[in-house]
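The values are calculated or read from the model by the stated rules, or taken from the named source; none is laboratory data. Keep in mind it's a predicted model, so treat the numbers as computed, not measured. Using ideal geometry, Cβ is built from the backbone for each residue, glycine included, and neighbour counts are taken over all protein chains shown. Each accessible area value is taken on the protein alone, full model and side chains, heavy atoms only, with ligands, DNA and RNA left out. Shrake-Rupley method; radii C 1.70, N 1.55, O 1.52, S 1.80 Å.
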Amino acid sequence: MTGPEAVTGSGSEGAGAVPAAGAAAGIDGSGTGRARCVLASNPSPMTLDGTNTWVIAEPGSAEVIVVDPGPDDAEHLRRVLAAARAGGDRRVAQIVLTHGHLDHSAGAARFAAMSGAPVGALDPALRLGDEGFAPGDVLVAAGCELRVVGTPGHSPDSLSLLLEADGALLTGDTVLGRGTTVIGPDGSLGDYLRTLDELRRLAEGLRVLLPGHGPVLSDPAGVLDYYIAHRQERLDQVRAALAAGARTPAEIVAVVYADTDPAVRRAAEWSVRAQLDYLSSI
Ligand SMILES: [Zn+2]
């Protein structure tokens, strides 16, 4: 595993980390013609409603692809396998990880054993029985084509998957269904800003984003514009805090993230460190 133990995907930076009552019910089972969400029951301020596991197949196909089995939770993995089989004997052809953080990947080995499918990821250390793939590759399985888009930033090994047939992009933790993403201790804001620009270009041809946490997003270009503007706004705030004399990450968090839920304060400090690294590199 590459992700540090405590690093999960998300943090909403005060934009409503706690799911509204009933929100989770709307996410589970949502998706597109070819992608269906199975929501894991690991909600928290850092994982929003829980981790979204995506089951992908062309209707009528005898195979499926499973993206992000999620936490190592036997009940969740049984639900994923049941969704994959769809009451019949559909076979899991491939498991794909959007990145190595444990709320996405910890169940991968168990699910591989349950389903007999290989695990593919950008990080070779996360692969099981699979030679892996690289950004730009197209995965062909379950009657579908999924193009691997390298989207580093949240973590170095983050990828997104373009399901062109549905105009959909599976974003992992690079774009979330609510709030904004935290740059983890293993992430890079410079990479993340480049990734957002690339996804903004891609968004012109998209209908939906299928995130790793939170609900399906139906305005990809609008969401990416918001993410890009939010990042620039935070950088401006950090610059202003520095100019006003703040020196340590904790001092900057106290000024810039004053409105942030204490439950994600540690994540805010990661974000500040990532911003300071970035500002010192440009
Ligand atoms: Zn993550």
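Summary of values
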| quantity | calculated |
| --- | --- |
| Complete set of residues in the range 65-75 that are in a helix (DSSP H, G or I) and farther than 10 Å from PHE111 by Cα | GLU75 |
| Test: residue in the range 218-239 that is closer than 29 Å to SER41 by Cα and acidic (Asp, Glu) | yes |
| Filtered residues of the range 245-280 (kept if among the β-branched types (Val, Ile, Thr) and modelled with pLDDT under 90) | THR260, VAL264 |
| Pair list, Cβ < 7 Å and 6+ apart or interchain, from the range 195-211 residues that are touching a residue at least 24 places away in the same chain (Cβ under 8 Å) and closer than 12 Å to THR174 by Cα to residues that are of a type in the set (Phe, Trp, Tyr) and assigned to a helix (DSSP H, G or I) | LEU196/TYR227 |
| Residue that is most open to solvent (accessible area, probe 1.4 Å) [pool: residues in the range 204-225 that are in contact with a strand residue (DSSP E or B) (Cβ under 8 Å, 6 or more places away or on another chain) and assigned to a helix (DSSP H, G or I)] | VAL223 |
| Count of the range 119-169 residues which are without any contact (Cβ under 8 Å) to a residue 60 or more places away in the chain and either part of a strand (DSSP E or B) or among the aliphatic types (A, V, I, L, M) (or both) | 15 |
| Count of the range 113-137 residues which are charged (D, E, K, R), away from the ligand (no atom under 13 Å from the Cβ) and buried (at least 17 other Cβ atoms within 10 Å of the Cβ) | 2 |
| Residue identified as at pLDDT 95 or above and within 19 Å of VAL66 (Cα to Cα) among LEU224, LEU170, LEU199 | LEU170 |
| When residues of the range 161-192 are limited to those that are within 13 Å of the ligand (Cβ to nearest atom) and open to solvent by 10 Å² or more (accessible area, probe 1.4 Å), the one nearest to the chain's Cα centre (by Cα) | GLY187 |
| The range 98-112 - residue that is buried (at least 24 other Cβ atoms within 10 Å of the Cβ) and in a loop (DSSP other than H, G, I, E, B) and, of those, nearest to the ligand (Cβ to nearest atom) | HIS101 |
